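See below for the structure under consideration.
The values are calculated or read from the model by the stated rules, or taken from the named source; none is laboratory data. Everything numeric here is computed off the predicted structure, so don't read it as measured data. In this analysis, Cβ positions are derived from the backbone assuming ideal geometry, glycine residues included, and neighbour counts consider all displayed protein chains. Quick note on the areas: whole protein, heavy atoms, side chains included, nothing else; ligands and nucleic acids left out. Shrake-Rupley method; radii C 1.70, N 1.55, O 1.52, S 1.80 Å.
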Amino acid sequence: MRKSRRNEEAPRQNGSADFETNPVGLQDGHDDNDTGRRREIRSKYRDLINTVQQNREDMLSPSTDKLTEVLEEANKLFKDVRRAREAALDAQLLVVATDLGKEKASQLFSEGSAFDPTAFAEHLLSFMGLNRLEDGDGGPQNAGAADGYLPRDAWHRLSRRVECCFRTAPSFHYMMGSFHAEPPAPKQRTERQRKAPTKEAKRIMPTQLKKMEESHQEATEKEVERILGYLKTYHQDDPTSPISYYEFVVDPNSFARTVENIFHTSFLIRDGLARMYLDSDKLPCIAPVEEGDVEAASSSSRKQCIISISPKIWKELIDTFEIKDSIIQPPEPHNE
Amino acid sequence: MTQRKRSFGSQSFSQNRRQPSSSGTQEDNEDSTFTQPSTSQVQRGLEKLTPAQVDQKTSEVIQYFLVKDQKKVPVRRADLVKHVVKDYRNIYPEIIKRAARTFEQVFGLKLVEIDPKNHTYILINNLEAADKPSPVECPANPKLGLLFVILGVTFMKGGVVRENVIWNTLKKLRVDSGEKHEEFGDVKRLVTEEFVRQRYLEYVRIPHTEPMEHEFRWGQRADMEVSKAKILEFMGQLHEQEPQIGRCWL
């Protein structure tokens, strides 16, 4: 508000500068003087208002009489006031001064009790356990605290002491707390479950592999040896009569075993431990090779043949040769 | 107009019309539609309900208060009626009466209407505060200390104090309203908003001040909850003087 008034005044000031030079008490001059005088009054009022507002703290102090001086000054000014505009300024000054006066009065009232917030604060700091530092004994904890530092539980200490001044209702809280306690538990369980199977799986794998490897190589060799054993035994029982190949390999109870027997027997022949030949009826026979004949047999020409068998042929063989039992006993079940 | 007269009953009509007009401007729209039922209405309402129903509704009101009290914000009658009482509003006075009795007898708390015009309630401790701090080492809320300082200074300054006095005092205690405090965070917000919302303090603007200034006063909750005598006693201990000061305002 003040600023806008100043702007208003400025052009007028310039405009009426000419009139200022005429001090004569003519009717025109009197009006001009009036304008000038009024401007002066307004300016002085504004100064007074400024004084009161800017120097508030000073004027509050009971030692000064500044407020009274301002009021006396205002009284003097008011004698020359004729128009509403100056009177409005006077009223504004009065409002501001009264406000200050009220505060001074209330201060007077409490002055009698001599309560000093500064001293109060000092006492509180001591109570809260302020560590006042000795000369130059700062250290890293002293960041920002020029004269001592408050311990961390300073406010807690104070709060505990003043709790008894309050009749606060204790807050109600559910004993079991909020629902947040639930979710973490299931997560742990699932993790544990996941861990267990993987361990067991690992354990299983190596043993299985071992078994497989065993059955692969050694099983075949063992089988071949076993069959050789059967062959030799059968041959020794009756060295002169030939052993029919079909009677030897066919297992009347299992086609699969028959195929296995043929497979294993082929190894015997490959290795030169047994030989196949056709008898007088042109039927294949098998006989173990004698110890001495082994080298001779290896030097002679090798012949190869492919034997195929189907379940139909297998059945025909059983019927034709009337094979009741297998010569080669089925292997022990532990390998399978 | 005539229709309304019939529904409310001729006796209670004038009684009911008076209340909303006085408080309607300041309250929620919700509450202006809620008119305190008369005794006869309450009687009639009670007859229609079983005791179990009334007890159930009373319990709900009690639980609502207890949970709301956690934040120490006063409960407004409008909220209570809208969220809890609902259809039982015709026996509202009876429910409040029973709730207050339960609070006293079961919980040792007192249900107080701190603002008869706006109908807001708080819970305070019905038991006398202990003379000394409890021997149990339970952690105290540090905000209590801060509140004590403000209330104490305000009290010693005659019940009203300019905000600058408070801010300066707090600054000496290493609590700066302009900075974030380690313990309290945004101090200005805590003091001028939270404490005011909880009705511990009043933060009123002083007219004709440029720039704008406020003053602090004791709030309605502080008037009920805080013992001036005990504050004086502690201050006396601090100053190691006889507490004769401030007696005129007691």
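Computed quantities for the displayed model
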{"read-out": "Heavy-atom surface of the stretch B:55-156, accessible at 1.4 Å and reported per residue (Å²)", "value": "48"}
{"read-out": "Computed label-point distance, nm, for sites residue B:171 and residue A:313 using a 7 Å Cα→Cβ extension", "value": "11.3"}
{"read-out": "Other-chain or far-sequence residues with amide H under 5 Å of residue A:275's (modelled H)", "value": "A:287, A:289"}
{"read-out": "Buried accessible area, chains A and B (both chains, 1.4 Å probe, Å² to nearest 100)", "value": "4900"}
{"read-out": "Entries in A:102/B:188; B:72/B:110; A:102/B:143; A:222/A:312; B:71/B:117; B:157/B:180 that, when Cα-Cα distance is taken, lie over 24 Å", "value": "A:102/B:188; A:102/B:143; A:222/A:312; B:157/B:180"}
{"read-out": "Peptide A:116-125 - average C-beta neighbours from other chains (10 Å radius)", "value": "6"}
{"read-out": "Residue-level accessible surface for residue B:64, protein heavy atoms, 1.4 Å, Å²", "value": "50"}
{"read-out": "Sequence-distant residues sharing a close amide H with residue A:243 (under 5 Å, placed H)", "value": "A:286"}
{"read-out": "Modelled label reach - residue A:37, point 7 Å along Cα→Cβ, the stretch A:83-97 residues with backbone N closer than 13 Å", "value": "A:83"}
{"read-out": "Rounded to whole Hz, the Karplus (6.51, -1.76, 1.60) HN-Hα couplings of the stretch A:272-283, x for glycine and proline", "value": "x, 8, 9, 9, 10, 8, 9, 8, 4, 8, 6, 9"}
{"read-out": "Distant-in-sequence amide H partners of residue B:226 (H built 1.01 Å from N, under 5 Å)", "value": "A:167"}
{"read-out": "³J(HN,Hα) computed for each position of the stretch A:73-85 - Karplus, 6.51 cos²θ - 1.76 cosθ + 1.60, integer Hz, glycine/proline x", "value": "4, 5, 4, 4, 4, 5, 4, 8, 7, 10, 9, 5, 5"}
{"read-out": "FRET efficiency for residue B:53 and residue B:129, using Cβ-Cβ distance with R0 set to 60 Å, rounded to 0.05", "value": "0.95"}
{"read-out": "Rounded if a/c under 1.5, otherwise prolate or oblate - the stretch B:142-239, Cα gyration tensor axes", "value": "rounded"}
{"read-out": "Computed over the stretch B:142-239: relative contact order in percent, which uses C-alpha pairs under 8 Å that are six or more apart", "value": "25"}
{"read-out": "Accessible surface, 1.4 Å probe, highest first, among residues A:49, A:307", "value": "A:307, A:49"}
{"read-out": "Ranked by how many other beta carbons lie within 10 Å on average, peptides B:140-149, B:167-176, B:44-53 from highest", "value": "B:140-149, B:167-176, B:44-53"}
{"read-out": "Vicinal HN-Hα couplings computed from phi for the stretch B:211-223 (Karplus, 6.51 cos²θ - 1.76 cosθ + 1.60; Hz; Gly/Pro x)", "value": "x, 4, 10, 10, 10, 9, 9, 5, x, 5, 5, 4, 4"}
